[in-house]
1. May I ask you to compute the full-extension gain from D27 to Y52, defined as 0.36 nm times their residue separation minus their alpha-carbon distance, rounded to one decimal in nm?
2. For A81 paired with M94, estimate the spin-label separation in nm (one decimal), with each label point 7 Å from Cα along the Cα-to-Cβ line.
3. With θ taken as phi - 60° and the coefficients 6.51, -1.76 and 1.60, list the Karplus ³J(HN,Hα) couplings across segment 142-148 in order, rounded to whole Hz; mark glycine and proline as x.
4. Might you tell me the accessible area per residue for segment 28-81, computed with a 1.4 Å probe and given in Å²?
5. Just order 31-41, 122-132 by mean Cβ neighbour count inside 10 Å, highest at the front, would you?
6. Could you tell me which of rounded, prolate or oblate describes segment 99-153, using a ≥ b ≥ c as the square roots of the eigenvalues of the alpha-carbon gyration tensor, with rounded for a/c under 1.5 and, failing that, prolate when a/b is larger than b/c and oblate otherwise?
7. Assuming 0.36 nm per residue, please report the length gained on full extension of the stretch L138 to E38 beyond their Cα-Cα distance.
8. For Cα pairs less than 8 Å apart in space and 6+ apart in sequence, what is the mean separation divided by the residue count of segment 40-147, i.e. the relative contact order in percent?
Amino acid sequence: MTAAPGLPIVHADTGGALLVTGHATADRPDLRDEDLHELLVDFYAGIARDPYLAPYFATVDMAAHMPRIVDFWSTLVFHTARYSGNAFRPHQAMPGLTAEHFARWVGAMEATVDGRAAGPHADRMKGLAHRIAYSMQLRLGITPFADFQPGAD
């Protein structure tokens, strides 16, 4: 698939999530650690508007929880070692999760990242989102919405 110069190349997978690849540009530099807070605030604001995903986050005080989420992603993407904990545990208490929930979550993450950044760190964050979703689906006994692609992170 091709795209106009400077635009990302978008690949739709069969699970409804998008994989967008590209290189840093003047309007979309690569992701930096200091960008994570604003990016994740925007991401969860979008999740709150998604009628399919919003109910799972309705009782979470996102403003209070955001520093922990930022530390989680900072640790994964930039190896800062700021996060310690069990990110899987809260998902065990979410009844009714399906592969479609994870596909939409990944698609929203990719769209948010792609709206702000392009480059190796942005691609790493999107790849990690896929890996996290795949792993959580397996641990929850859900057939994943897409096969895991080694090296995607």
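The values are calculated or read from the model by the stated rules, or taken from the named source; none is laboratory data. The shown structure was predicted, so the numbers you read here are calculated from the model rather than taken from an experiment. Positions of Cβ are generated from backbone atoms using ideal geometry, with glycine treated the same way; all protein chains shown enter the neighbour counts. Please note that ligands, DNA and RNA were not included when accessible areas were found on the heavy atoms of the full protein model with its side chains. Shrake-Rupley method; radii C 1.70, N 1.55, O 1.52, S 1.80 Å.
1. Details: separation 25, 0.36 × 25 = 9.00 nm, distance 3.12 nm.
Computed gain between D27 and Y52 is 5.9 nm.
2. Reported label-point gap for A81 and M94 is 2.9 nm.
3. My calculation for segment 142-148 gives 9, 5, x, 5, 8, 5, 6 Hz in order.
4. 54
5. On the way: 31-41: 16.9, 122-132: 21.5.
Sorting 31-41, 122-132 by mean packing, highest first, produces 122-132, 31-41.
6. On the way: a/c = 3.05, a/b = 1.68, b/c = 1.82.
It is oblate, given that a/c is not under 1.5 and a/b is not larger than b/c.
7. 33.0 nm
8. 27
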